[in-house]
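*Asks:* Just passing along the structure, written as structure tokens.
The values are calculated or read from the model by the stated rules, or taken from the named source; none is laboratory data. These numbers were taken from a predicted model, which means no experiment stands behind them. All Cβ positions, even for glycine, are placed from backbone atoms using ideal geometry, and neighbour counts span all protein chains on display. Ligands, DNA and RNA are stripped out before the accessible areas are found, and what is left, the full protein with its side chains, is counted by its heavy atoms. Shrake-Rupley method; radii C 1.70, N 1.55, O 1.52, S 1.80 Å.
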Amino acid sequence: MPAARGDGDAAGPRSQAGDALSVADAFESMPSLMAAMEGPEHTVVAANAALRAFTRQPDLIGRPGQYLFPGLVSRQVTELLDLVYAGGEPFTAREWPAGDDQYLDFTLTPWLSAAGEVRGVLMTQPDVAELARDQAAAPSRARREALAVQEVMLRPGLPVLPSARVAARYLPAAAQDNAGGDCFDAMVLPDGQVAVMVADAPGRGLAASAAIWQLRTVLGDALNQEASLPAVLVRADRFAAGNADLRAATLCVAVLEPAGGRLCYATCGHPPPLVAAPDGTARHLPATGGRPLGICPVPAGDGAGRRAEIGTAVLGPGEVLLLYTNGLVKRPARTLGDGMADLEVVAGDAAANPALAARGAGTPAERVSYLTVELLTRGGFHDDVTTLAVWRQPEPHPPLDVELTASPDAVPGLRHALDDWLDALGVAFGDRQLAELSAIEAVTNAVEHAYPAARPGTVRLQAAVGADGYLEIRVSDRGRWRVPDVTEADRGQGLSAAVQFAEGLRVSHPPQNAGEPPGARGTVVTTRHRLHRQPMLAPLGASVPAERAARPSFAVQLTASGPAPRVQVSGPVDVTTADRLADWLFQACRAGVLPLTVDLSAVTILASAGVHVLHRVAAQLAVHGQQLTLVSEAGSPATAVLDLARLPRQG
């Protein structure tokens, strides 16, 4: 009987690998896509059945490696294989388009010989869960750059207007770890008109991305300062001429008067705007014939040399104006003319058919911006794709006007009414929270102080968005104004908190009768807020507008007991829930005998009534030499309130 072979025997490696026929059969039967490419030409020498079926190519052996990726540009694939072969470092990609509505996750790994030299490149499908963990733990430098670009895009967001809805979507090219050269912007001008633009730098990478966003800043300043669009283009030309990464950048910029629909626009080497109508038709506006930026001498003066390059049109009620980069219409196996014709069909359908709404893309602007990208890139795309849409609303968004009895029970009703109204406007979650917090502080102030307990009156909340994009909220009562007592450090903080979360706060009073003190016949608290909407970013960021989160109800949970209790608070903490919070906290800390940790990360509203409770608990703990530890997320409204109230916290 032959002796068993150990790992150190000469036949050990063969025993570990198995019989050659068994290994080949197992390789062929593997459900994951697997291939081997040999030499600097990346010649395919092995490809299993799963990969041949995926590519629909039964004769891959002997072909160049780019045939493994039918949906990608061959030059792009060759450069990627060269990089792995020459550099000796693996590369992993997620959701690269591979044709026929398919997307591919794959890893390219150097194939080493017995001598440790690179023999070729191995292609496999990664473990998705392991890939997600690796990317979260150690993102590549290029990915960090791309994420940084998207963070810039999110600030400050798109304007919120009463008569026009603005939406945008950005999709990085298939090499999604690279920062792109597209940018977009929308802003309200001093005269109430709305300016929108998209631009495309000729290169990719961080330098091109930084340059195009610098151009966005220059254009924003010019649009706010210059009296004419030609003068704006002259300034853009001059800036691009001085930056090598911007020379030959393309630009489309348009200025819309929402009330009358008058539109002027310019295309500087860029595809012309498209107008989609409510009846499902769509048309491209005539290109203005402008050259790309920064490639010719710039005329002096007020931009007269650009005056012939301005187009005009009228955007009708219910129509959608779409600006986009050429990555949307330059697609594999399609001419540019075909791509623009396809865009007209898709945009028209999206504008006219509410049934096409997808995951939050509900208004015509959102549908056109989202669906044109979603549908036209399914066959593959090789450049960044950016869309920016403006829907001229047939009717302005109506103002909000709610009046209820001034009691604690009115606070949730007013808050929910304001929340629903802001949600219908598409306001970003953070802006909505700040506006609601300042409004609820003003409402609570009226509920607690305006009327005698025996004769409650009413409190009225009014909200409207102006043509300048600012939200104005008015909270009024018909009671008597009480001057805050500055000696109560933990009370009277409601209006102080409200002003911290608004860009302006004004307290006023109706006219008084002779001899009456100010505020004898009521008080009006008015706050102003700049509102924004979030663009749709994908795939590194949110691909579509976030679905509206359900309103969490107030809840308190004891998550740790014993000598160091910990409490988790969620939902709104205001005048209606503060007493329940106090009961929980005093019970958890045994009236101050035990140290207490309170986690406020899930709190949606932290009003001054809740702050008063926290001050009381902290004072009671201090009597027994114990400490109150507060936990909240940096940048949240709860954190800002805690900082204002001088209550220390942990991030």
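*Asks:* Taking into account only those residues within the stretch 628-649 that are among the aliphatic types (A, V, I, L, M) and either assigned to a strand (DSSP E or B) or farther than 20 Å from Arg432 by Cα (or both), which is farthest from the chain's Cα centre (by Cα)?
*Replies:* Ranking the qualifying residues of the stretch 628-649, first place goes to Leu628.
*Asks:* For the subset of the stretch 604-621 comprising residues that are open to solvent by 20 Å² or more (accessible area, probe 1.4 Å) and in contact (Cβ under 8 Å) with a residue 12 or more places away in the chain, which member is nearest to Pro572 (Cα to Cα)?
*Replies:* Filtering first and then ranking leaves Thr604.
*Asks:* Another question, if that's okay. I'd like the full set of residues that are among the charged types (D, E, K, R) and either closer than 17 Å to Pro648 by Cβ or under 36 Å from the mean Cα position of the chain (by Cα) (or both), limited to the stretch 590-615.
*Replies:* Asp599
*Asks:* Across the stretch 293-309, which residue is nearest to Val198 (Cα to Cα) among those that are buried (at least 20 other Cβ atoms within 10 Å of the Cβ) and either touching a strand residue (DSSP E or B) at 6+ places or on another chain (Cβ under 9 Å) or modelled with pLDDT of 95 or more (or both)?
*Replies:* Across the stretch 293-309, the extreme among qualifying residues is Leu293.
*Asks:* Among the residues of the stretch 2-12, are any at pLDDT 60 or above and either of a type outside the set (Gly, Ala, Ser) or out of contact with any Lys or Arg (no Cβ under 8 Å at 6 or more places or on another chain) (or both)?
*Replies:* no
*Asks:* Name every residue in the stretch 377-398 that is at pLDDT 85 or above and over 18 Å from Cys183 (Cβ atoms), in order of residue number.
*Replies:* Hits for the stretch 377-398 are Trp391, Arg392, Gln393, Pro394, Glu395, Pro396, His397, Pro398.
*Asks:* Determine if the stretch 605-627 includes at least one residue that is under 18 Å from Ala498 (Cα atoms), in a strand (DSSP E or B) and of a type in the set (A, V, I, L, M).
*Replies:* The answer is yes, given that some residue of the stretch 605-627 is under 18 Å from Ala498 (Cα atoms), in a strand (DSSP E or B) and of a type in the set (A, V, I, L, M).
*Asks:* While we're looking at this one, here's another question. Being surrounded by fewer than 18 Cβ atoms within 10 Å (Cβ to Cβ) and in contact (Cβ under 8 Å) with a residue 60 or more places away in the chain is the requirement here; does Gly192 meet it?
*Replies:* yes
*Asks:* Considering only the stretch 150-164, I want to know if a residue exists there that is modelled with pLDDT under 60, open to solvent by less than 50 Å² (accessible area, probe 1.4 Å) and over 27 Å from Gly466 (Cα atoms).
*Replies:* Yes, the stretch 150-164 contains a residue that is modelled with pLDDT under 60, open to solvent by less than 50 Å² (accessible area, probe 1.4 Å) and over 27 Å from Gly466 (Cα atoms).
*Asks:* Could you list, in sequence order, the residues of the stretch 404-421 that are open to solvent by 10 Å² or more (accessible area, probe 1.4 Å) and either at pLDDT 95 or above or part of a helix (DSSP H, G or I) (or both)?
*Replies:* Answer for the stretch 404-421, where residues must be open to solvent by 10 Å² or more (accessible area, probe 1.4 Å) and either at pLDDT 95 or above or part of a helix (DSSP H, G or I) (or both): Pro412, Gly413, Arg415, His416, Ala417, Asp419, Asp420, Trp421.
*Asks:* May I pose another question? Before we move on, is Ser601 among the polar types (S, T, N, Q), surrounded by fewer than 19 Cβ atoms within 10 Å (Cβ to Cβ) and outside any strand (DSSP E or B)?
*Replies:* no
*Asks:* All but one of (1) in contact with a Cys (Cβ under 9 Å, 6 or more places away or on another chain); (2) in a loop (DSSP other than H, G, I, E, B) hold for Arg590; which doesn't?
*Replies:* Every condition holds for Arg590 apart from (1).
*Asks:* A further question follows. Kindly evaluate Leu375 against the criterion of being of a type outside the set (D, E, K, R), open to solvent by less than 50 Å² (accessible area, probe 1.4 Å) and within 21 Å of the chain's Cα centre (by Cα).
*Replies:* Considered against the rule, which asks whether it is of a type outside the set (D, E, K, R), open to solvent by less than 50 Å² (accessible area, probe 1.4 Å) and within 21 Å of the chain's Cα centre (by Cα), Leu375 comes out as no.
*Asks:* Take Gln587 and decide whether it is at pLDDT 90 or above, open to solvent by 50 Å² or more (accessible area, probe 1.4 Å) and farther than 17 Å from Pro648 by Cα.
*Replies:* Against the criterion (at pLDDT 90 or above, open to solvent by 50 Å² or more (accessible area, probe 1.4 Å) and farther than 17 Å from Pro648 by Cα), Gln587 qualifies.
*Asks:* Can you tell me which residue is surrounded by the most Cβ atoms within 10 Å (Cβ to Cβ) among those in the stretch 424-433 that are out of contact with any helix residue (DSSP H, G or I) (no Cβ under 7 Å at 6 or more places or on another chain) and either part of a helix (DSSP H, G or I) or polar (S, T, N, Q) (or both)?
*Replies:* For the stretch 424-433, the residue satisfying everything is Asp431.
*Asks:* I'd like to verify a number: residues in the stretch 492-531 that are surrounded by 21 or more Cβ atoms within 10 Å (Cβ to Cβ) and modelled with pLDDT of 80 or more, how many?
*Replies:* Going through the stretch 492-531 one residue at a time, the tally reaches 6.
*Asks:* Also, I was wondering about something else. Among residues belonging to the stretch 66-114 that are part of a helix (DSSP H, G or I) and of a type in the set (D, E, K, R), point out the one that is modelled with the highest pLDDT.
*Replies:* So, considering only residues that are part of a helix (DSSP H, G or I) and of a type in the set (D, E, K, R), the one modelled with the highest pLDDT is Asp82.
*Asks:* So which residues in the stretch 384-403 are over 22 Å from Gly318 (Cα atoms) and surrounded by fewer than 22 Cβ atoms within 10 Å (Cβ to Cβ), if there are any at all?
*Replies:* Once the filter is applied, which keeps residues that are over 22 Å from Gly318 (Cα atoms) and surrounded by fewer than 22 Cβ atoms within 10 Å (Cβ to Cβ), the stretch 384-403 yields Leu400, Asp401, Val402, Glu403.
*Asks:* For Arg566, indicate whether it is of a type in the set (Lys, Arg) and modelled with pLDDT of 90 or more.
*Replies:* yes
*Asks:* Taking Ala439, is it in contact with a Gly (Cβ under 6 Å, 6 or more places away or on another chain), crowded, with 16+ Cβ neighbours inside 10 Å and at pLDDT 90 or above?
*Replies:* The answer is no for Ala439.
*Asks:* Could you pull out the residue among Arg238, Arg262, Arg291 that is out of contact with any Ser or Thr (no Cβ under 7 Å at 6 or more places or on another chain), free of Cβ contacts under 8 Å to residues at least 24 places away in the same chain and charged (D, E, K, R)?
*Replies:* Criteria check complete, one pass: Arg291.
*Asks:* Confirm whether Asp485 is surrounded by fewer than 17 Cβ atoms within 10 Å (Cβ to Cβ) and at pLDDT below 85.
*Replies:* yes
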